[in-house]
Amino acid sequence: MPIEPLRAAVVGLNWAGRQHAQTYTQLEDVQLTAVCDVDLQALDRVGRWFPHLHRYRDYEQMLAEEQPDLLSIATPQRWHAPHTILAATRYLPRAILCEKPMAGSLGEARAMLAACERNGVKLAIGHMMRWYTVHEQARALVADGAIGTPLTATVCLEEGGLMNNGTHVLSYMQYVLGDPDPEWVIANVQRRSDRHERGWPNEEISGGLISFTNGVRISFEGDMPPNPVYDWQYQTVTGTDGVLMWPSAFLAPDFAVRLVRRGRGVTETPAPTQTLDNVFLRELDGLARWARGDLNDNRNDAHLAIKNQEILMAMYESARTHTLVRLPLRTMGSPLIEAIATGELPVEFPGRYDTRYAVDKPLRSRD
């Protein structure tokens, strides 16, 4: 008997939401039925591509009338918690894919996860870079002992802040290392201007050291000046018997994992050529199969993503308190918001600006 297609819906139709909508239409046994955005221009743009879709400006009306099996939440992060909790408690989709960052605070993230667990809704967070083959290959090499016991890792972020691209690079390094549990964090941030990203306060520079219970430590550099000695956008994992290096997934679709082993020289494992389309396709296909029960787990599972959220919040808490922060984190609000509100991070150069809305990214060939 033919499989009844899963009904999918998307709320939030800026760049990420449009990617989700287009990708759902390419999946077998998935039917994109509706999209939602308060912005009429955003709705009309997607409606021109897919005229059969039901279009909504009211999120709850869409949930009530469409009853989607799969729900993509691609709204700004301040809406991630309320949109996820509403869907999971009243309308019960099989699975929700909420874009990163998971939430604005650890308290919100825990509330999202609790609502989904209580009602049997599977929750994934859109760390789509976990679906790049270069990261799969790096993870396999680490797991196979190619560099011995992992000791340290380095992640470098060209731009975007902790809550934007920072959550991506940290998440895929956690994936490469096998998603160990974080133990403590020490970090600092600089925010001298009134910088925002999608309406959320954002720092200009960040850096820190993250320790995990298995002994691995990640050195994090965010928005810092390039290192003139080496290509600073290479991500690295160093072990007792070698080093893995690969370029940032932001750079190009063609990658190779470079393995340097003591006394045995350098070998490279090319990763298959991969477009951004393919990454989203793999991510949403994994979501659909997880929702159906064809897969028992998902690498974007919110139970893994909440570790990432806790690290990000601990980095802000360390910057706010000037201390090493041991986990689990007790602070449920946003330490960055608190530091701004109390004047601990004063704005020296007034004038609010938003790095995301300055340039609207094109959606592949459709724009």
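The values are calculated or read from the model by the stated rules, or taken from the named source; none is laboratory data. This one's a predicted model, so the numbers in the text were calculated from it and none came from an experiment. Here the Cβ positions follow ideal geometry from the backbone for every residue, glycine too, while neighbour counts run over all protein chains shown. Calculation scope for accessible area: heavy atoms of the full protein, side chains included, ligands and nucleic acids excluded. Shrake-Rupley method; radii C 1.70, N 1.55, O 1.52, S 1.80 Å.
Overview of results
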read-out	value
Carbon + sulfur, % of accessible area of the range 290-346 - ligands and nucleic acids excluded, 1.4 Å	51
Of all accessible heavy-atom area on the range 57-174, the percent that carbon and sulfur account for (1.4 Å)	48
Using a Förster distance of 35 Å, the FRET efficiency for ASN188-TRP49 (Cβ separation, nearest 0.05)	0.20
Virtual spin-label span in nm between ASP241 and SER219, 7 Å along Cα→Cβ	2.4
Accessible area expressed per residue, the range 1-116, with surrounding protein chains retained (probe 1.4 Å, Å²)	40
Of (1) 19.4; (2) 17.7; (3) 21.2, the label for mean projected area of the Cα convex hull in nm² derived from the coordinates	(1)
Difference of contour (0.36 nm per residue) and Cα-Cα distance, LEU151 to THR267	39.7 nm
Antiparallel bridges, percent of DSSP beta bridges restricted to the chain (to nearest 5)	55
For the chain, size of Cβ-based charge dipole, Lys and Arg +1, Asp and Glu -1, in debye	220
